[in-house]
Amino acid sequence: MALTFDDLLRRARALSRDGRRAILGIAGSPGAGKTTLAECLVRELNAGGEPWVAHVPMDGFHLADAELERLGRRDRKGAPDTFDAAGYAALLHRLREEPDGEVVYAPGFERVLEQPIAGAVPVPPTARLVVTEGNYLLLRTGAWARVRPRLDEVWFCELAESERVRRLVARHEKFGKGHDEAVAWVRNTDQRNADLVAATRDLADLVVPQSALPRTGT
């Protein structure tokens, strides 16, 4: 029987056992639908009651453009070494520790500005499930290797390549790139990252097929 979104809801709901906080990771190549899947899960799981699920994107750990310029990495923004991977792993560790009665603040990412924003995502102590999503959750090099042990499960979004590329080009255009610039960025910078992420697919606990993903998303 084909996996459905309702199956994903049931599996996510079951991760928080005995009242402890669980962390679900959603990985996938750029444009595969990670953010939309995470947002849909959080919305549906929180519907009709006291919110108990929080969403913490990995994108808040992008290095700022000024730092990327200093490091000479601005032209490949989105590659693994353009994030604060150690900071992301440290946040996940803190979320698992569950400081009593404390709100944990995570950075967010403003797509219009293309910049991280500190303290933008509050995770209240009542959150029993944290959904985090990003490209490199299953990467096993450098500080990224610290991420997977802090996650209860990691799901991998698998989208048809033509649709993934179409969505990605549209997203770049939406946030300011011209069509030719968007296509060039997807074919070069984004594709290198996508190939790297695709190689981690078999490390996931669950591969989520396109049929179980929401219809639109990035």
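Where a number appears in this text, it was derived from the coordinates with a stated rule and is not lab data. These numbers come from a predicted model, not from an experiment. Neighbour counts are summed over all protein chains in view; Cβ atoms, including those assigned to glycine, are modelled from backbone coordinates with ideal geometry.
Please go through the stretch 28-44 and give me each residue that is crowded, with 20+ Cβ neighbours inside 10 Å, on the phi < 0 side of the Ramachandran plot and touching a helix residue (DSSP H, G or I) at 6+ places or on another chain (Cβ under 7 Å), ordered by number.
Listed by number, the residues that qualify are S29, P30, A32, L41.
Given (1) touching a helix residue (DSSP H, G or I) at 6+ places or on another chain (Cβ under 8 Å); (2) touching a residue at least 60 places away in the same chain (Cβ under 8 Å), identify the lone condition not met by R128.
Of the numbered conditions (1) touching a helix residue (DSSP H, G or I) at 6+ places or on another chain (Cβ under 8 Å); (2) touching a residue at least 60 places away in the same chain (Cβ under 8 Å), the odd one out for R128 is (1).
For D202, indicate whether it is under 17 Å from the mean Cα position of the chain (by Cα) and either outside any loop (DSSP other than H, G, I, E, B) or free of Cβ contacts under 8 Å to residues at least 12 places away in the same chain (or both).
no
Specify which of the listed residues (R167, R150) is charged (D, E, K, R), in contact with a helix residue (DSSP H, G or I) (Cβ under 6 Å, 6 or more places away or on another chain) and surrounded by 14 or more Cβ atoms within 10 Å (Cβ to Cβ).
Answer to the check: R150.
Any idea which of (1) touching a residue at least 60 places away in the same chain (Cβ under 8 Å); (2) not in a loop (DSSP other than H, G, I, E, B) is the one G19 doesn't satisfy?
All conditions pass for G19, except number (2).
So which strands (runs of 3 or more DSSP E) stay within the stretch 90-133 end to end and still have 1 or more residues that are under 21 Å from N46 (Cβ atoms) and hydroxyl-bearing (S, T, Y)?
The qualifying strands (runs of 3 or more DSSP E) are 104-110, 129-133.
Could you say which residue among L95, L91 is touching a residue at least 60 places away in the same chain (Cβ under 8 Å), crowded, with 18+ Cβ neighbours inside 10 Å and of a type outside the set (S, T, Y)?
It is L95.
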